[in-house]
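Here, each number is a calculation from the coordinates, and none is a lab measurement. Keep in mind that this is a model prediction, so the values were computed, not measured. As a convention, Cβ positions derive from the backbone with ideal geometry for all residues, glycine included, and neighbour counts pool all protein chains shown.
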Amino acid sequence: MTVLMTTQKIRIALAGNPNAGKSTVFNALTGAHQHTGNWPGKTVALQTGSLSLNGHHIELIDLPGTYSLSAFSAEEIVTRDFILDECPDVIVAVADASNLERNLYLVLQLLEMGSPVILALNMWDIAESRGITVDQQRLSALLGGVPVIRMIGNRQVGLSDLKRAVEDVLHGGTGAVRSLGLPLDDMLAKEHAALVELVQNEPALYAMFDAPWMALKLLELDEDILSRVEPYPHITAAVEAACERISQQTGEDPDTLIADRRYQIIGEIAEQVITRGKQDAGTRSDRIDAVLAHPVWGVPIFLLLMWFVFQLTANASAPLVDWIDAVIGGPIVNWTHAAFKALGLEGTWLASAVIDGAIAGVGGVLVFIPVLLSLFMAISILEDSGYMARAAFVMDRFMQKLGLHGKSFLPLLVGFGCTVPAVYATRTLEHEDDRKITAFLTTFMSCGARLPIYVIFGTAFFGSASGTLVFAMYLAGIAVAVLTSLLLTRVVYRNKPVPPFVMELPPYRMPNRHTIAVEMWTQTRDFLRRAATLILVASLVIWLLLALPVRGKGEFANVTPEDSLFGSVSAAMAPVLAPAGFGTWQAAGALITGLSAKEVVISTMSQLYLDTSEDEAATSTSFADDVKGIVSGLGEALVLTGQEFVNIVPRTVNLLPGVNVPELNILGADADEAEEDTSQLNSALRSAFTPLAAVAFNVFVLLYVPCVAAVSAMRHEYGTRWMLTQAAYTLAVAWLAAVIVYQVGRLLGA
Amino acid sequence: MTAIAEPHPTLMLSMAAPNQRVRLVEIRGGRRLRKRLADLGLTLGTSLRVIQAYGSGPMIIAVRQDTRMALGRGIAHKLIVTPDDTETLLPRS
């Protein structure tokens, strides 16, 4: 019976080593029809996509990149469990043709499992450029008839061959090979055969997996399979005895022998199928590495590249962010006002809920689009080119001291721009634990939205010395991050074995435009889908708090903040903040609204202290003018984005002391134009806070729960539990640090 | 088992010089490390070539000719190798 006759959805899994170009093959097959999802019960996210093949709907699953199918890392377990439990109809093993021997190790293990495999020899062009050719037919024959396809994933070469092979296998054609056992030698073969017999005598086990495979895994002392035979003590005992005998006679562990045996077979295969045109001299990648991975030159080059990434996410996206902000705050709000007016609902609670709640919330989501697009562009260029592995190589010694991985540096740096992309940047780390720890720390990197708060307070209290406060805040954030990292890695995760520093350095490649575009779009869209809900809910909750009157003579949606539920909640929280020196309901209230976005702290404060509830009287502009404004605004924003791109260069050169190259300024905009008149707010703040309390308040703002967008990103990537842990921890640390600053400061007489 | 019959002098991989070709004869580490190294292609008998080695920093080595691997010094100390002057690295044709 062929698979296509069954009613089930057809599923194809992509497996392969990291760096074998699996994602380029995935992108080439699915285009933008893909999304990430956590497989039920698994923490590692799987990318899935769809394609249609001769009218059949096919789901394609991109399994995490692994070198092997032992059960050592989360990625390996996910890959193996998926193959064992979900039984995909076809597995496309993507192998790097220029690095075939090492890549065949995983392929052999897939075949041992009895999976229907198609072998895609990817990066054929790189292999050719190094004078390496592979005899496809021979390789296919030696692997028991597995279809072997040549591919260049990032140039879409070989796609139709691959699709044809998939169809063949699905139709039960020549390719559908089942179970290629590992031919073992003498002693291993004998012990293996004995275990196979034991397994075959237990119908329950036999039904679970292929017996020869299971016996092989038992000899490898595979923890997962061992736990499955636990109910059969005689098998466990037999495994132990067999391993003992093997170790005694050969002096080696059986799993080492089995790994050796696989490489021996691979070596024999390689000898017959690989032809090398020239002696293995230094490759182009080696020559590039002589500079980029150099212990001295590598560091400044790395820092320079990271600076570019930071500029890209923090500055180059800013004009578009401002444009989205302006469109939503201007025309969109005005039109909605007009619509409500036309319906006779102006000034009702519904109008308020839509305008102050929903639209504000949507705006809060949309402004992240340019930021994330630029982040994902930078990341996919770094990844696709092969540089990311070198970055980890260069930074590893330094980051290891903090218990982190070399690749943790990038997300942390991006965090100075915005915590949301920083959380997503942790995707570049290889291991789940490293990812979680790094994401946890990103919030302490003071993001761009917190800067205006320090600046306002700094100017109000310290005048020209305000820069000192700003700088101190950044340093305090880094200090807390370092301490938290040590706490997490030395205490919470202390049982996590320190992974040996062994890492593959993939060959350098020209990043592919198509791959980059698909990555930018799908990952950004993913954020919109997954994080938007929480952000919307949060802004509606805050609106509701402000709309519900609890005392005084206000009515629903028309009440002063002080008389609203918001006022009461803030007043209830104020005493908790008293030990930190800012136990007023206004301060507490500003911190609450600051959860929706940190910069809102300032606007709430001006609203609460100055009672200048923004004039919402719609400025009467014509619809045509609005549209014209939106379009010209977009044009302006795009010009400014281009300008920011160009200005990265002078800004970088200007880092050198004594150099001052002017930046490009096409539209003649004045950089300080955005500064609003804040003198009123300054005096209000001076009467509400003592200077010491102001510092403590800033420390609190720096450290407490990141904004709801960042919290949603955390939840999206690492689940509700880790998100709540981070929220609780940051709240506790913020409170503690603010209290320490205030109390110690008072003791010192400040 | 392989280590005993070696007629050549052995040294730690960390002591090997850039561009030197060596063969892995012993891994002084536990099951986990051996397993991880095996997954990455480093089993006994594998031919290696040192691509980059500076001071006490991590090294870059070529494994099975085509794979480039970064190795921390800590691990490089645990890998015992012997100079490889056999012709196995010449092109197979």
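Things to note:
- With all projection directions averaged, the alpha carbon convex hull of the protein assembly as shown covers 41.9 nm².
- Across the stretch A:139-259, Cα pairs under 8 Å and at least six residues apart give a relative contact order of 17 percent.
- Out-of-range pairs (alpha-carbon distance over 20 Å; input A:9/A:163; B:35/B:78; A:217/A:436; A:341/A:553; A:436/B:78): A:217/A:436; A:341/A:553; A:436/B:78
- Selected from A:298, A:87, A:582, residue furthest toward positive end of dipole (chain A; charges at beta carbon): A:582
- Normalised by the number of residues in the stretch A:3-170, the mean separation of alpha-carbon contacts (under 8 Å, six or more apart) gives a relative contact order of 23 percent.
- Chain A: calculated mean residue ellipticity at 222 nm from DSSP helix runs of at least 4, using -39500 (n - 2.57): -19000 deg cm²/dmol
- Across the options A:518, A:413, A:388, the greatest Cα extent toward the positive end of the charge dipole of the stretch A:380-539 (unit charges at beta carbon of Lys, Arg, Asp, Glu) belongs to A:413.
- The value of relative contact order for the stretch B:11-85, using C-alpha pairs under 8 Å at least six residues apart, is 44 percent.
- A simple charge model with +1 on the Cβ of Lys and Arg, -1 on the Cβ of Asp and Glu and nothing else charged puts the dipole of chain A at about 640 debye relative to its Cα centre.
- Other protein chain Cβ atoms within 10 Å, averaged over every residue that makes up A:288-296: 3
- Classified by the C-alpha gyration tensor, the stretch A:222-373 has an oblate form. Its axis ratio a/c, with a ≥ b ≥ c, is 1.5 or above, and a/b does not exceed b/c.
- Note on B:82, A:250: ascending count of other Cβ atoms within 10 Å places them as A:250, B:82, the fewest first.
- Counting neighbouring beta carbons within 10 Å and listing from fewest to most, the residues A:98, A:160 come out as A:160, A:98.
- Karplus-derived 3J(HN,Hα), 6.51/-1.76/1.60, for each residue of the stretch A:142-148, Hz, glycine and proline x: 5, 8, x, x, 4, x, 10
- Taking a ≥ b ≥ c as the square roots of the Cα gyration tensor eigenvalues, the stretch A:3-170 comes out rounded, since a/c falls below 1.5.
- Here the 3J(HN,Hα) profile of the stretch A:545-557, calculated from phi with Karplus coefficients 6.51, -1.76 and 1.60 at θ = phi - 60°, is 4, 6, 8, 7, x, 10, 7, x, 10, x, 10, 3, 6 Hz, Gly and Pro shown as x.
- Net dipole in debye of the stretch A:81-173 [+1 Lys, Arg Cβ; -1 Asp, Glu Cβ; about Cα centre; nearest 20]: 400 debye
- Label-point separation in nm, residue A:682 to residue A:578, each point 7 Å along Cα→Cβ: 3.2 nm
- Our coupling estimate for the stretch A:88-99, obtained by passing each phi through the Karplus curve with A = 6.51, B = -1.76, C = 1.60 and θ = phi - 60°, is x, 5, 9, 10, 8, 8, 8, 10, 7, 5, 7, 9 Hz, Gly and Pro reported as x.
- Using only side-chain charges placed at the Cβ, +1 for Lys and Arg and -1 for Asp and Glu, the dipole size of the stretch B:11-85 relative to its Cα centre rounds to 360 debye.
- Point-to-point label distance, residue A:537-residue A:451, nm (Cα→Cβ direction, 7 Å offset): 3.2 nm
- Gyration tensor verdict on the stretch B:11-85 (Cα atoms; rounded if a/c is under 1.5, prolate if a/b is larger than b/c, oblate otherwise): rounded
- Remark on residue A:53: its backbone amide H falls under 5 Å from those of A:58, a criterion applied only to residues 5 or more positions apart or on other chains, H modelled at 1.01 Å from N.
- Put simply, the amide H of residue A:16, placed in the peptide plane, has neighbours under 5 Å in A:66, A:94, leaving out anything fewer than 5 places away on its chain.
- Taking other C-beta atoms within 10 angstrom as a stand-in for reagent exposure, A:433, A:396 fall in the order A:433, A:396, fewest first.
- Residue mean of other protein chain beta carbons inside 10 Å, B:28-40: 6
- Spin-label pair residue A:230/residue A:168, simplified geometry with 7 Å Cα→Cβ offset, distance in nm: 4.4 nm
- Summing charges over all other residues whose Cβ lies under 11 Å from the Cβ of residue A:49, with Lys and Arg as +1 and Asp and Glu as -1, gives -2.
- Per-residue shielding of A:99-112, expressed as the average number of other chain Cβ atoms within 10 Å of the residue Cβ, stands at 3.
- Two-site FRET efficiency, residue A:690 against residue A:155, from Cβ-Cβ distance with R₀ of 56 Å, rounded to 0.05: 0.30
- Listed residues A:267, A:199, A:238: farthest to the positive end of the dipole of the stretch A:186-276 (Cβ charges): A:267
- Taking amide hydrogens as placed 1.01 Å from N in the peptide plane, the amide H of residue B:25 sits under 5 Å from those of B:45, B:80, B:81, B:82, each at least 5 positions away in sequence or on another chain.
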